[in-house]
Each structure stands twice: as structure tokens, then as C-alpha cells.
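The values are calculated or read from the model by the stated rules, or taken from the named source; none is laboratory data. It should be emphasised that the depicted structure is a prediction, and the values quoted were computed from it without experimental measurement. Cβ placement follows ideal geometry from the backbone for every residue including glycine, while neighbour counts extend to all protein chains displayed.
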Amino acid sequence: MARSWATLGVDLHLEPTGSGVRKGLTDALREAVRSGRLAPGTRLPSSRSLAADLGIARNTVADAYADLVAEGWLTARQGSGTRVAERTPPAPRTAPAATPAREPGRPAHDLMPGTPDLASFPRAEWLKAARRALTAAPHHALGYGDPRGRAELRTALAEYLSRARGVRADPERIIVCAGFSHGLKVLGAVLGARGVRSVAVESYGLDTHRMLLTGAGLATLPLPLDEQGTRTDEPTGAGAVLLTPAHQFPLGLPLHPDRRAAVVDWARRTGGLVLEDDYDGEFRYDRQPVGALQGLDPDHVVYLGTASKSLAPGLRLGWMVLPPGLVAEAAAAKGRADTCGALDQLTLAEFITSGAYDRHVRAARLRYRRRRDALVRALASRAPEVRVTGIAAGLHAVLRLPPGTEQAVVQAAAWQGLAVPGLSRFRHPDAAVEPLDALVVGYGTPPEHAWAGALEALCRALP
Ligand SMILES: Cc1ncc(COP(=O)(O)O)c(C=O)c1O
């Protein structure tokens, strides 16, 4: 629907499109800036007056502004309002610049959870492993190959996962995939073909994962949540349960031992399947890693792991360890066309068997632990009203905020040039739990030299 506003001298025709109001408004504003209809430096109306002009909630406008500030299209300064950034990414029709333009959408500080410190990717070791792997690879390794992935990698993973994560793994039951998301998509297809109609998921999680399941025709049913974490005793009506047992994403608690047992009991009783997302299982700081749930019952639990946190998401490498009865179906659903590059698989196999993976994970764990400790110390002295939770593991922390303040803090963070999401972004729309106000801080994301600045900016944004 086309709308216009004429506040503060700005007259702009906006056509928010798509299903969500916030996304529609964000897209329309981004397009207005990108096309040059909103010139650099233009002051935008306050969220209150734009909301009134468009007849939508003020928070929706504030969220859209915050998203665009985080992406670099707008700037927000206390006292001078929200403006179109001076150096916005070039409009599509301009001639290519001689030197590459500043990457669009880069906030000054990136504290989004989900990405490790990419500047610490072990380039030299990876190159060495790639050289060794390619030198040793037989010619047939460059052919189409097994849809389950290269045997060398499946063998290396079976040894590593049983040693480091307590997974009951056998190379024959491992399928290599392009990250966790690809594995989930394949499993969605398998479940759909088996007649499953719905999957129980955690009340808080990634909407991209829920969307992968809905894309496969499966409804997602939020599991109840209490002070001990996700309740798994009765995933009523679901044919499968998707969980992050070692470190709930994003809240950060491990799944309570009774509830680990309960979900396995449920799977045995009903023939249901548990999908275990072990996305950051390598990074536990305060005690021994919580072993994989799959170890309790490899016949009813699919273990899914990924190199996205331990190495880099751009590798697009992940793995599933499947119950014996599911391997053929999952391999068929994945197919031969839909696979990962053999050379990357062989390189990762070599990287693991040479010990480079363990060395890299140990060094990364130490670095992230130092950051986590610095975060906890800084918050204790600079933001005593904020409670930090979920920090025993992983690369993110949950900063619990005073009730009703989440939106304002996200906006204040955007003013500080920070990209950091509120917890509400991760809430299942049908979750029965009271919304919690919090920030989800990905402290693993900035490069080492930028971490102190990001932490300082975060502290300035907090109440
Ligand atoms: C909860 C959770 N699971 C899994 C992943 C990894 O996904 P992928 O392997 O597809 O990159 C992430 C990454 O952000 C995550 O946050």
C-alpha cells in the first residue's frame, strides 16, 4: 500500500511491501536511500511522527530505523535525530568505482550472535591442510561421489565427535552437509515424506530454522519454558523435537538432565525423532563440556554439528549423525547434486586428523573466554542493573534488562553504532511465555583489535 509523509519538510512516497509491517517499512526506506530519493544528510521524521503519519506502531518505526542504522544506511545521534548516512552504499546505476566502495551495511561494531571472529580463521593451517589433502587425493575423489560425503571426512568426524562430544558415531551413519541449516532442510524433507506434520521447537530460537521447517510443510510448535529451561516432557502432537541441548540458543542454559532423559523417553515411547543442534558444543568454559544428547540414544536422536562457529560459516560445512534406519532416506533426500565440494571436505578431514582442529578450538576457546570475562567485569562495574546469563558456554551472552526497556536499549545501541539484537527477535510468535527483555550479545564476532571498542560502545548503550 502506498503512503506518503510530509513531516519536517521531507516528502516521500513509501510503498511498504511484503507481509510484515516492520520489514515492509525497512525495505521501503532502504530503497528510498539506495535510489537517491532520500539524499545523504536528510533528517528523517521522529519515530513518533512517522508512526502517526503511517498509522503504525511507534516501536515498528523505531525498529526499522534501528535496523537501517545497524546496516549503515542511516545514522542516529542523540540530539540531531535520525539522518540518511553521508556515505551510503552507491546507487545501482552509478558507474563502478575504481576502488572498492566501503562494504554496505557495516555497523561500526558487530555484536550479532552467530558468527565467530573471522579474522582469527586459521588461514595458514587451513592452506597447509588443503595442500596436503589435494596432493594425496586420488583422481576419483574429484568425481561425483557418495551423497553422504567423502569417506575421509566421515571417518575423521566419527573419531572426533566420539572423543570430544560423546557422540556414538560411525562413518556409515554420518552425512556431510552444507552447515546445520542444510541438514535441517534435508531432515524436514525426510520427516514430511514420513507423514510428520509438526515439529516441537524451543520458545526462543532462530526464525531461519523455523522457516526451514515450515518450508518443508511442517508446523512448528513452541515447547513450554520455565526457570529451569525448556520443558520436554510432553511435546504434544509433534513427530519430532528440535533442541539445542548443550547451550540453548539464545538463552544459554544447558538442557536440564531430567529433561534430557524425558525427551529421549518421549522419542522411544512415540517413535518420534529428536534433532540435536550442537552448534557451539566445543566452546564450554566453566566445566567439562555437556556431552551430546545423542549419546543417550543414537536410535532416536539425530546429532547435527557445524563448522560455522568453530571455523567459519562461509565454509558451509556441517554434519549429521543419523539413526541407522534414517541414513538411506536422508542420503536420498540430499541427493548427489546437492552436496558439498570434495576439496573442502578433504581439507577439513586433514585439518581434523592432523590435530590442527583441536589446536584451533583450544586457542579460540581461550580467546573467547577472555572476552566473556571482560564482558562480565565491565558490566558489573558499568551496568549493575543488567544481569548477564547463559555465559558458561558459546560465543554469546544474554544481558537481562529492566522490564520494558529492550526496544530503547536496542535503539541506544544503534546510536552507538552497534549491531546487536534484542531477545524478542528470537521469540516464537506462538510461545506462551511472558516476553523477557534482554540483549543477545555475540561477543565472539568482532576481530580481536575491535573487541575493546565494541565493549565500550555496549557499556555506553546500557541503562
Ligand atoms: C542455534 C544455531 N544453530 C546452528 C547454527 C549454524 O548454522 P549453519 O551451520 O547453517 O551455519 C547457528 C549459527 O548461527 C545457530 O545460531
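Can you give me the ranges of the strands (runs of 3 or more DSSP E) entirely in the range 182-274 with at least 3 residues that are more than 14 Å from the ligand (Cβ to nearest atom)?
Values: elements: 198-201, 219-222, 240-243.
Correct list: 198-201, 219-222.
Return the total of residues in the range 311-322 being more than 13 Å from the chain's Cα centre (by Cα), in a loop (DSSP other than H, G, I, E, B) and either on the phi < 0 side of the Ramachandran plot or more than 9 Å from the ligand (Cβ to nearest atom) (or both).
Adding up the residues that qualify gives 3.
Restricting to the range 376-394, name every residue that is farther than 15 Å from residue 113 by Cα and touching a residue at least 60 places away in the same chain (Cβ under 8 Å).
378, 379, 382, 383, 385, 386, 392
Pairs only if they're at least six apart or on different chains, beta carbon under 8 angstrom, first in the range 107-124 and aromatic (Phe, Trp, Tyr), second more than 9 Å from the ligand (Cβ to nearest atom); list them, first residue then second.
So the pair list comes out as 121/311; 121/312.
Looking at this structure, is residue 339 more than 16 Å from the ligand (Cβ to nearest atom) and either surrounded by 23 or more Cβ atoms within 10 Å (Cβ to Cβ) or not acidic (Asp, Glu) (or both)? Walk me through it before giving the result.
Details: more than 16 Å from the ligand (Cβ to nearest atom): no; either surrounded by 23 or more Cβ atoms within 10 Å (Cβ to Cβ) or not acidic (Asp, Glu) (or both): yes.
Against the criterion (more than 16 Å from the ligand (Cβ to nearest atom) and either surrounded by 23 or more Cβ atoms within 10 Å (Cβ to Cβ) or not acidic (Asp, Glu) (or both)), residue 339 does not qualify.
Find the strands (runs of 3 or more DSSP E) located wholly in the range 1-91 whose residues include 1 or more that are of a type in the set (Gly, Ala, Ser) and at pLDDT 80 or above, and list them. Spell out how you get there, then give the answer.
Values: elements: 3-5, 12-14, 74-77, 81-84.
Filter on the range 1-91 gives 74-77, 81-84.
Quick grid of which residues meet (1) modelled with pLDDT of 95 or more; (2) out of contact with any Leu (no Cβ under 9 Å at 6 or more places or on another chain); (3) buried (at least 20 other Cβ atoms within 10 Å of the Cβ):
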site	(1), (2), (3)
190	yes, no, yes
201	yes, no, yes
219	yes, no, no
227	no, yes, no
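For the range 116-137, does any single residue satisfy the condition of being at pLDDT 90 or above, part of a loop (DSSP other than H, G, I, E, B) and more than 25 Å from the chain's Cα centre (by Cα)?
Narrowing the range 116-137 to residues at pLDDT 90 or above: 116-137.
Next, from what is left, pick out any that are part of a loop (DSSP other than H, G, I, E, B): 116-117, 121-122, 137.
Checking which are more than 25 Å from the chain's Cα centre (by Cα) leaves us with 137.
Yes, because at least one residue in the range 116-137 is at pLDDT 90 or above, part of a loop (DSSP other than H, G, I, E, B) and more than 25 Å from the chain's Cα centre (by Cα).
Can you find, within the range 275-288, the residue that is nearest to the ligand (Cβ to nearest atom) among those that are part of a loop (DSSP other than H, G, I, E, B) and touching a helix residue (DSSP H, G or I) at 6+ places or on another chain (Cβ under 7 Å)? I'd like the intermediate steps shown before the answer.
Going through the range 275-288, the residues part of a loop (DSSP other than H, G, I, E, B) turn out to be 278-283, 285-288.
So of that shortlist, the ones also touching a helix residue (DSSP H, G or I) at 6+ places or on another chain (Cβ under 7 Å) come out as 278-279, 281-283, 285.
On the way: 278: 9, 279: 3, 281: 11, 282: 13, 283: 12, 285: 18 Å.
Here the answer is 279.
Within the range 289-301, which residues are in contact (Cβ under 8 Å) with a residue 60 or more places away in the chain and either part of a helix (DSSP H, G or I) or more than 19 Å from residue 254 (Cβ to Cβ) (or both)?
Step one: list which residues in the range 289-301 are in contact (Cβ under 8 Å) with a residue 60 or more places away in the chain, which gives 289-292, 294-295, 298.
Across the range 289-301, the qualifying residues are 294, 295, 298.
If I filter the range 155-162 for residues that are among the aliphatic types (A, V, I, L, M) and either within 13 Å of the ligand (Cβ to nearest atom) or not in a helix (DSSP H, G or I) (or both), do I get at least one hit? Outline the logic, then answer.
Our first condition is that a residue be among the aliphatic types (A, V, I, L, M); within the range 155-162, this holds for 156-158, 161.
Cutting the leftovers down to either within 13 Å of the ligand (Cβ to nearest atom) or not in a helix (DSSP H, G or I) (or both) gives us none.
Checked the range 155-162: no residue is among the aliphatic types (A, V, I, L, M) and either within 13 Å of the ligand (Cβ to nearest atom) or not in a helix (DSSP H, G or I) (or both).
Of the residues 306, 353, 347, which is among the β-branched types (Val, Ile, Thr), buried (at least 21 other Cβ atoms within 10 Å of the Cβ) and away from the ligand (no atom under 16 Å from the Cβ)? So that I can check it myself, show each step before the final result.
On the way: 306 fails: away from the ligand (no atom under 16 Å from the Cβ); 353 fails: buried (at least 21 other Cβ atoms within 10 Å of the Cβ).
Result: 347 is the single residue among 306, 353, 347 that is among the β-branched types (Val, Ile, Thr), buried (at least 21 other Cβ atoms within 10 Å of the Cβ) and away from the ligand (no atom under 16 Å from the Cβ).
Residues in the range 165-181 that are within 21 Å of the chain's Cα centre (by Cα), buried (at least 24 other Cβ atoms within 10 Å of the Cβ) and either more than 16 Å from the ligand (Cβ to nearest atom) or assigned to a helix (DSSP H, G or I) (or both): how many?
Of the residues in the range 165-181, 1 are within 21 Å of the chain's Cα centre (by Cα), buried (at least 24 other Cβ atoms within 10 Å of the Cβ) and either more than 16 Å from the ligand (Cβ to nearest atom) or assigned to a helix (DSSP H, G or I) (or both).
Looking at (1) part of a helix (DSSP H, G or I); (2) within 19 Å of residue 440 (Cβ to Cβ); (3) touching a residue at least 24 places away in the same chain (Cβ under 8 Å), can you tell me which one residue 345 breaks?
Result: residue 345 fails condition (2) only.
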